[in-house]
Each structure stands twice: as C-alpha cells, then as structure tokens.
Amino acid sequence: MNSQFFLSLISGIFIGGVAGYLGSLMLTKRMALVGDALGHVALPGMGLALLFGFNVSIGAFLFLLLGIFLIWLFEIKTSLPMEALVGIVFVASLAIGFLIVPEPELLEALLGDISKVSFEMAITSVIFSLLIFFVIKRIYPKMILTNISEDLAKSEGIKVKKENFIYLLSIAAMVALGVKIVGSLLVGALVIIPAATARNLSKNLKGYSLGSLVLGILSCLFGSLLFKITHLPAGPLIILTSTLLFLISLIFKR
Amino acid sequence: MENSILKVENLNVELDGEKILENLSFEVRGGEVLTILGPNGAGKTVLLKTLLGILPYEGEIKWAPGIKIGYVPQRLPFIKDIPMSVEEFFQLKNVSEKEINPSTRAELGAGLVPHRNEVSGAGEILKSIGLGKEILKRKIGELSSGQFQRILVGWALVSNPRVLLFDEPLAGIDISGQESVYNLLEKLKREKNFTILLVTHDLSIVYKFATNCLCLNKKILCYSTPKELTTERLSQLYGGKIKFYEHKHE
C-alpha cells in the first residue's frame, strides 16, 4: 500500500464516519436532503479554491456559511418553508459555480478526488472530523429531544436556537470536509445512506447512532479499496458501496 | 392567599402580531384540578406554554416559590420516526441541566428543571403509571397510543413535580386507552395530590374530575366549578357567536 493511498484512506474513513454519525441526527430531523443541497452550495467556493490553489474545504466552508446565512435571512423575511429557501440558494449556487469555474476544475469539484490528498490535508481532515464528532456527541440528546418536540425541549430548559446554530455549523463543516472525498454532487449520500441503513437495522438510539458511524466508515473503506483495484472514480464507488449495504439491510430489517 | 400555587394577573400573549390571550387573571390553589375548556384556536395550548415559560408574555405569572412543574404535551408525531427505546427516552430527561444557571431557573418560574439527584427510581415511576419494567426495552414506535401517553406522563413525573400540566391527554387515543389514561390521572391525583391543569375537550372529565373550570376564548369567558358550568355557558363558549377582537397596529 503506498503512502498516498493510505492518506486518502485515513481521510475517507474519518470523514465517512462523522458524516454517517451526523447523518443519523439529520435523518431524525427530516433534513436528509439538506446535505445534498449544501453540497451544491459549496460548489462555487470549491471551484474558486481549485482555481487559486487553496484548500477546497476552506472555499467550500466559506460559501456554505454564506449560503446558510442567506437561508436564515430569507427565513426571517418570508414565511416560505425552509425547504424552498434551501432550494433557491442551492440552485443559484450551482448556476454561479457553472459560470465561474472552468471545466476541468468543475469536474473535480463535482465528483471529488481523493487521490490528491496531501499529508496536511489528511491531518486536518482527521482533526476536524474528531472535532465535529465531539460537538455532535455533545448536542445529540438535546437535538433528539428538540426533534421530538421543541416545546418539550424548551420546557426542559434547552436553548433550542443555540443548539440549532451549533448543529447547522457542524453540518456546514462536515459538508466542507465531505466534498473533498466524494465531490459536491454526492456529498449528500455520505450523510443519508449510512443513517438510513442503520435505521433499518437498529432498535434503539445507541445502535442507530453508532451503526450510522460504523456504516459510514465501512462505505468509505470498501469504496476506497475498490477504487484502488479498479481505478474508477472513488466518490461514486464509495456511494455505491454504501447503497449496497443499504440494500443488504433491507433483508435484515427489524 | 395561602396555599396558592399559581397566580396569573393580566396575562397578555401576542404571537406574530396577533393577540392570542387577553387579560387573563386567575388563581390555582394546591390540590386543585383546573380544566381549561374552549374551542379550537382559543389559546388553550398557548396558555399552557406561556405558563411553562416558553412563550413571551406581558403581565404576571407567579408560581409558588421552588415549585416543580411536569408538562405532558399534546402529541409528539415525530417521535415514532426515531428508533429509540423507552429507556433512552427517559434518559433524555435532564440533558440540559448543566446549562441552566440558578437565575434562569428562577426566571422560568422555577422548578421546570429538575436536579439529577432528585430523580426518582425508574421502577417507582413505572409503577405509578401502571407499566412494568419490561417496557423500558421496547421501541417507542411500537407502543400503543395509550401506553405512549402513560410514558409521557411518566416522563413528566421524573422531575418529581407537584404540578402537572396536561394538554389534551386523551386526544387520539382509542376508547379503552382513554379509560386507562383517565384512571391514571385519577390515581395520581388521589395518591400524590398533584395540582393539575388540564386542557381538554372531554366534558366527562370536567364533570368527574375537575374542581374548577376555566372557559377560554382569547379571554376568560367563565371561571367556575363544574356544577356551575351550564349548557348555556357551554354553547356560548363553543357554539355561540365568536367575537372577533380587532387588533390595531400602532
């Protein structure tokens, strides 16, 4: 195993794991497609990063912050559902991305490229994945209670707005990491599929959240190995591995 | 007044520029069962939430110092989407404890937030809601609506409250389940002498169980014992003319 592949594998495993874990929370909040949408919001930032040669995740994160800010702003101004506002921001970002990013960079931004992970990138991926993991772990029970009932959570003294804000920031950070692995088109799958699979297999919350994490790791692990063998693009292979695990879970569904 | 648990004076609640509650004043004493009646949209649920301190209001809400309140919300439609055992649901209680400082505790009307060391044993709570320990391992989504309602009541009991706030505890439960939940309320009342505030549409509860009732439609239309709750008053509340209270922006 060469060291380049090892770096890719390590980044993939950590990012895949935390994406799955966070995804388990997003699925209970009926926000499964938000990861998908935000992946597209990140596109212009990624393109600019590739053009000017800085870290893709930083470019993605900046545009994600901007996107989330706009969604939040629109939500105050209108009574339209969150879904519609996310939709508007994400297609607009996509359009901007297509206009400003030249074609070769665009393809890389859309599909990701784990073969280019540098040592520094791998280290930052691991550190940020762990950081996001611990933040999510801390807010997890509060978010679950909030998802069950905001009133109940408030009556228990949970500061719903604050927790939501931390949660959204975590999603943005996670998407910024994830786009590097599977690209902006497929990052949503990184959060949805492991959680969906885990839900089929688990009968309690612990099994569900841990299961999502493990399935996220397994998908990235096997997907990357397949990439090593076949030399096909890694992103789609990771997602298809994840999908295969989901199909298998249908057989064992509780 | 001695033994006063809750005193509300000139309570006004306005949400999104619309007046929901207007000039409510009433008092609840220890051990009373106050039922809150009113048509849909009368502000009953809003009243409960305001009393819990989760909605902004004007006027005065005075809970007896240090009193603990248990809240049983109306419906939790999303809970069945979450794979979770009954035990894990109970573990969600107290998750916010560390974030609450004494001043917000006081601000919230005190007692909404339990101390961990005051949590009674799970066995005792399950016994008081008439369920066995084996239910702890069951998945929430697999419970019947009556069982789930009992679990919600049990959840509220964890903080060892003296006051219980119920929002339509019998809504959406089949008849046998309703009977059992109703019996549970009565048992809790009898054994622990809770003070209970209860929003309901079920008049049989009012006549059998309540010590007082409050008819609400934005304003208090009547405040009386169940005996004095005549058909005339009820038709005035539900069927009669519903006044539109105009609200002018300044």
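Values in this text are rule-based calculations from the coordinates and carry no lab data. Quick caveat: nothing in here was measured; it's all calculated off a predicted structure. Glycine also receives a Cβ, built like all others from the backbone with ideal geometry; neighbour counts cover every protein chain displayed.
List of remarks:
- With the charge dipole of the protein assembly as shown set up from +1 on Lys and Arg Cβ and -1 on Asp and Glu Cβ about the Cα centre, the Cα lying farthest toward the positive end among the listed residues A:L213, A:A196, B:F148 is that of B:F148.
- Between the beta carbons of A:T243 and B:K7, assuming R0 = 51 Å, the FRET efficiency works out to 0.25 to the nearest 0.05.
- The range A:1-104 has equivalent-ellipsoid semi-axes of 27, 20, 10 Å, by the square roots of 5 times the alpha carbon gyration tensor eigenvalues, sorted largest first.
- Given their separation in residues at 0.36 nm each and the Cα-Cα distance between them, A:L225 and A:L131 gain 31.2 nm when the chain is fully extended.
- Shape category assigned to the protein assembly as shown from the gyration tensor of Cα positions, a/c cut at 1.5: prolate
- Isolated cysteines of the protein assembly as shown, defined as having no other cysteine beta carbon under 4.7 Å away, are A:C220, B:C213.
- A:I100/B:E60 FRET efficiency (R0 45 Å; Cβ-Cβ; nearest 0.05): 0.20
- Efficiency of FRET from Cβ geometry, A:I76 and A:R138, R₀ 25 Å, rounded to 0.05: 0.35
- Each principal axis of the Cα cloud of the range A:102-228 was taken in turn, and the coordinate range along them, longest first, works out to 52, 32, 26 Å.
- Computed from label points 7 Å out along Cα-Cβ, the spacing between B:A122 and A:E150 is 3.1 nm.
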